[in-house]
Every structure is written in C-alpha cells, then in structure tokens.
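The values are calculated or read from the model by the stated rules, or taken from the named source; none is laboratory data. The model shown is predicted, which means the values in this text are computed figures rather than measured ones. Cβ placement follows ideal geometry from the backbone for every residue including glycine, while neighbour counts extend to all protein chains displayed. Surface accessibility is based on the protein's heavy atoms, side chains included, excluding ligands, DNA and RNA. Shrake-Rupley method; radii C 1.70, N 1.55, O 1.52, S 1.80 Å.
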Amino acid sequence: MVSRSFHSGDPSRLPSNAEQLRPVREAVAVLQRLLKLLYNEPPSLDIITVGNILDRYPLTGLGAPAMAAIEQSQRIVRARGNYQQVGLAEFHIGLIYLYWDDCRAAANQFALARQPWSLASDAPAMCLAHYAQGLGLYHSYHNEPAMLQFGRAERLLNRSSIGAQAGRFAALDKEMRPLLSIAQETLRESLWPKEQQPAEVLQAGYLSVPADVAARAPQPEAESEVSSVYQRASERPEWVKRVPLPISNLPGAGDAARGPVPGHVTTDDRFGWYRIAVKKSEFLPALASGTWLLADRDVDERPSAGREYVVVGSRRADLGSIAVQPVSHTSAMPHCFLGYRMPDEAAPSHSRLVLDESEQPPAAGDVIVLAVVEGFWYGLNGHALPEPV
C-alpha cells in the first residue's frame, strides 16, 4: 500500500505560489546529479522516475494514475531481487515525492532505499541516501533529525574505503562535501538563531546561507543553485502546520486496516504496525500468529540497549522462525522476521541477533534491522486477535 500526505495528490492544496516549489525542485536536480555519479547508466525501464511522471501524467501529476504506476514499479523491481536496483528504484520514488513537495514522504522513501543498499553493501549509495533524507527532513522543518542524517552522511564520507567503492566515494566526496557543509551551517543558523537577525533577512523571509560558507563552495557557477536548495520560509507555512490523516489515491486503499486499534491511524511515520503472519516453531512461545506489534522504524535513533525485540529484513525466506508483515507501511525487504537482539559478550559494543531457537546469529550480510518493537497488541483475555474473516 502506498500512502502519502494530503497535499501531494491535490493540486488545489499545494502552495499557491509556484516559486515556493523552487527550492525542493532544485534539491531534486542536485540529488539527480549526485546519483548519476554512482549510477551512470540510465535506470531500468521498470524504474519510474520524475521524468516518467512528467511525461505520462502532465494533467494529474502525482495523482491516482501515477501512484498506481509507482506501486507497480515497486512490485516488479523488488521481485527481481537485485538489491542495488531495488534501492535505486526506491530512491527515484523519493525524488518524485520531493519534486511534488511531499518532503516527509520523500525522507521516508530515501530511508527505505538504504535497506536494500545495505544488503548490497553499497556504502556510497547509503551515504547519498542519508544526505537525501536529511534534505527531505530539512524541507519538512524537522531540523534536528535532518542534522543527524547530514552527520551520518559525513561519517560515511570520512570512512576509508578500497577497491571500486573508493572511486565512487571519491567522486561523491568531491561533489557532496561542499553541499553537506552548507547544509550543516544553514541548519545551525536555524537551530541556534542569533538574538537579533539583520533587518534585510527578516524582510526577505528566507534563511540565507552564511557568506563565508558559500564562498568555500568549489563550483562558483553553481553558487546560486546551491543557495536556493536550502532556501525555505522562515516560518512553517500553513499547509505544513496542519496534521492531516494519511490517505492514498489507490482504489480502496484508504479503507485498508492500518492497525488493530479501532479508529487509529498512523500519525507519525517513524512508527509502524506489523503483524505476525507465520510462526514455524515454539521460538518466543508467548507470541502467537495474528499478534500485532508496534515498532519504531527509526533504528538509527535507537542504539541497542540490553535485550529488545526487533524486526529484521532479509533476502532469505528461511532465515527466521517468526515471519511478520508490515501493515501500515511498505517495505523494500521481501522477507521480514521477528527476533531479539542483545549485547554480544565477545564484543560489548555490538549486538547479537537471535531469530530462532538455535540462537545462532545470522550472517551479517543476510539481515538488516528494520525496526525496534515498542509493544504487542493482543485481543481480550491475553489471546492474539482472531484472523480476519
């Protein structure tokens, strides 16, 4: 199921001034240029891009036909199991959302792209996804999470690498490093504002890139483009302040169950509902098929602390004993499992994953932690909810 915020599919609810879309669309152009450094070949015909939406749906834009095409593209690319291509497809969908100013959905999509790229061990692409997620969060007015994502992108850039990834990292570092520095300086101006702002800044109504930072950009011809990427209104516009119900333009998708609590819908994209679909053994005996669980999908914000339940994703169908399905959101992983992690006695700074009664941890390249479980939902008398009729 593809869900998104209210303003992206209804042109009448978009900002009336087309100039307000300029920063996010220039951000799309910057991300497309960076993506081309890592994936120089044209994308597969099964991957839908911003250009495809503009060409095929000039009247409806990101409306029902486009959303249906996006979902179809996801199914086709994911079924092939090429995780570099899966990540590329999810990243392009993030660019689509960003182009149509659905910035929070774009940020979530860029985070989704990191899942398959992690399984493919594509560190440069993961670095770009962190930066892109930071941009989406910045334009969604989520300053602190944006700064965290920019910091993670910077840490990946600073890592030493060898082989083919070294060349890709070097190309990305040359182009993205100045953009990252400007992004961080601009965000610091928002996070720690001065006591008095210059009158010209207040009258313009935009955050301006510090002159000393802009001067450090290595591409003078691109200075105006770089500056405009980080422009935004000094206050949140009214359409951002609203808290709408998440909807979908797909036929019947809006009526689909999003969780076990009557009348409850997802109000924060960070959390999502999963449901235990198959239980193959007596591993975690207190949990039964049909049990719902609520999990925090922002794993980067949740370092492992003691023993805790987690949802993991994998390319392998036989990895764990308890298979779960995401209900309130989509996942780029073909198979999801419930297990737990706990500190590794041999390496206290690392965690050991347990997915079945053997208690043998899976290979690092076979699994990625998708979410940390916050709690379980049962029916009356402690029993799991019944199967839907």
**Message:** Suppose accessible area is computed on protein heavy atoms with a 1.4 Å probe; arrange 25, 275 from highest to lowest.
**Reply:** 25, 275
**Fill in**
residue 25 and residue 181 label points (each 7 Å along its Cα→Cβ direction) are spaced in nm at 3.0
**Prompt:** What net charge do the residues around residue 37 carry, taking every other residue with its C-beta under 9 Å from that of residue 37, with Lys and Arg at +1 and Asp and Glu at -1?
**Reply:** +3
**Request:** Apply 1/(1 + (r/R0)^6) to the Cβ-Cβ distance of residue 56 and residue 300, taking R0 = 41 Å, and write down the FRET efficiency to the nearest 0.05.
**Result:** 0.70
**Message:** Sorting check: for 32-38, 309-315, which peptide has the highest mean count of neighbouring beta carbons within 10 Å, and how do the rest follow?
**Reply:** 309-315, 32-38
**Prompt:** For the pair residue 318 and residue 342, what calculated FRET efficiency results from E = 1/(1 + (r/R0)^6), where r is the Cβ-Cβ distance and R0 = 22 Å, to the nearest 0.05?
**Reply:** 0.45
**Message:** Starting from the 7 Å offset along Cα-to-Cβ, what nm value, one decimal, do you get for the label separation of residue 75 and residue 191?
**Reply:** 4.2
**Item:** Whole-Hz couplings from phi, Karplus 6.51/-1.76/1.60, listed for region 360-369; x for Gly and Pro
**Value:** 8, x, x, 5, 4, x, 9, 8, 9, 6
**Prompt:** What's the extension gain from residue 40 to residue 378 if we count 0.36 nm per residue and subtract their Cα-Cα distance?
**Reply:** 116.8 nm
**Prompt:** When the dipole is taken about the Cα centre of region 17-96, and only Lys, Arg (+1) and Asp, Glu (-1) are charged at their Cβ, what size is it in debye, to the nearest 20?
**Reply:** 80
**Request:** Taking the Cα centre of region 129-180 as origin, work out the dipole magnitude from +1 charges on Lys and Arg Cβ and -1 charges on Asp and Glu Cβ, in debye rounded to 20.
**Result:** 180
**Request:** Give me the number: length gained by fully extending residue 360 to residue 155, i.e. 0.36 nm times residue separation minus the C-alpha to C-alpha distance, one decimal in nm.
**Result:** 70.7 nm
**Prompt:** For region 322-327, what does the Karplus curve 6.51 cos²θ - 1.76 cosθ + 1.60, with θ = phi - 60°, yield as ³J(HN,Hα) per residue in whole Hz, taken in order and with x for Gly and Pro?
**Reply:** 10, 8, 10, 10, x, 10
**Prompt:** Under a plain spin-label model, where a point goes 7 Å from the Cα along Cα-to-Cβ, how far apart in nm are residue 308 and residue 166?
**Reply:** 3.7
